[in-house]
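The block underneath contains the structure these notes are about, expressed in structure tokens.
The values are calculated or read from the model by the stated rules, or taken from the named source; none is laboratory data. In this text, all values refer to a predicted model and were calculated from it rather than measured experimentally. Methodologically, a virtual Cβ is constructed for each residue, glycine included, from the backbone with ideal geometry; neighbour enumeration extends over all protein chains shown. Only protein heavy atoms, including side chains, enter the accessible area calculation; ligands, DNA and RNA are left aside. Shrake-Rupley method; radii C 1.70, N 1.55, O 1.52, S 1.80 Å.
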Amino acid sequence: MKKNTKCYIYTRVSTAIQVEGYSLEAQKDKLRKYAEFWCAVLLGYLKERGILPEIAREACKEVHFQNKGKWYFAVGFANRSGGYEIRNKYLKGSISPKEITHIKNGSDRCIVVEGFMDYLSYLTLKATHPGNGQPKGNGPDYIVLNSVSNVGKAIPVLKEYKSALCLLDN
């Protein structure tokens, strides 16, 4: 099922020339195509990474940002302090502050992963291979470290759980 994303489009006509050659409907059409193009580019990147689009849409945002006067766009994954981990085909970075992401599902179990692509990959595997030893009921809570340097920030949170499973890189 395709999830609709809200997009606000601003159009205007200032002169008679614009009415003739650049109608409101033409502007709307161009802006819709622009919005769909960027979404398609990022979803294509995630598809290359093996991530299901519906999982990415649920967990991430499309982020536009400026660096040294130039605009960029990327997949953004929010952390608990308002920062973002950002990725696209050419960039792996973050928007400050750097922090963990804590996803609460009301569980007494927690799964810890290093990065948000690991988290998205895990959710994709769960979705494409249901029932592989996964307990019934509430899913686990998750902590995404967003960097191994954030382990110390995760420890106090992990103390609240009955059990924790760490799925970390080498």
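The table below lists the values:
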| read-out | value |
| --- | --- |
| Efficiency of FRET from Cβ geometry, ALA26 and TYR90, R₀ 25 Å, rounded to 0.05 | 0.20 |
| Electrostatic dipole magnitude of segment 80-170 [Cβ: Lys, Arg +1; Asp, Glu -1; Cα centre; debye, to 20] | 120 |
| Ordering of 44-55, 150-161 by packing [mean C-beta count within 10 Å, highest first] | 44-55, 150-161 |
| Modelled label reach - LEU125, point 7 Å along Cα→Cβ, segment 150-170 residues with backbone N closer than 15 Å | 165-170 |
| Relative contact order (percent, whole number), segment 47-108, Cα cutoff 8 Å, 6+ residue spacing | 20 |
| Linear extension gain, HIS64 paired with HIS102, 0.36 nm per residue minus alpha-carbon span | 11.4 nm |
| Accessible area expressed per residue, segment 36-111, with surrounding protein chains retained (probe 1.4 Å, Å²) | 60 |
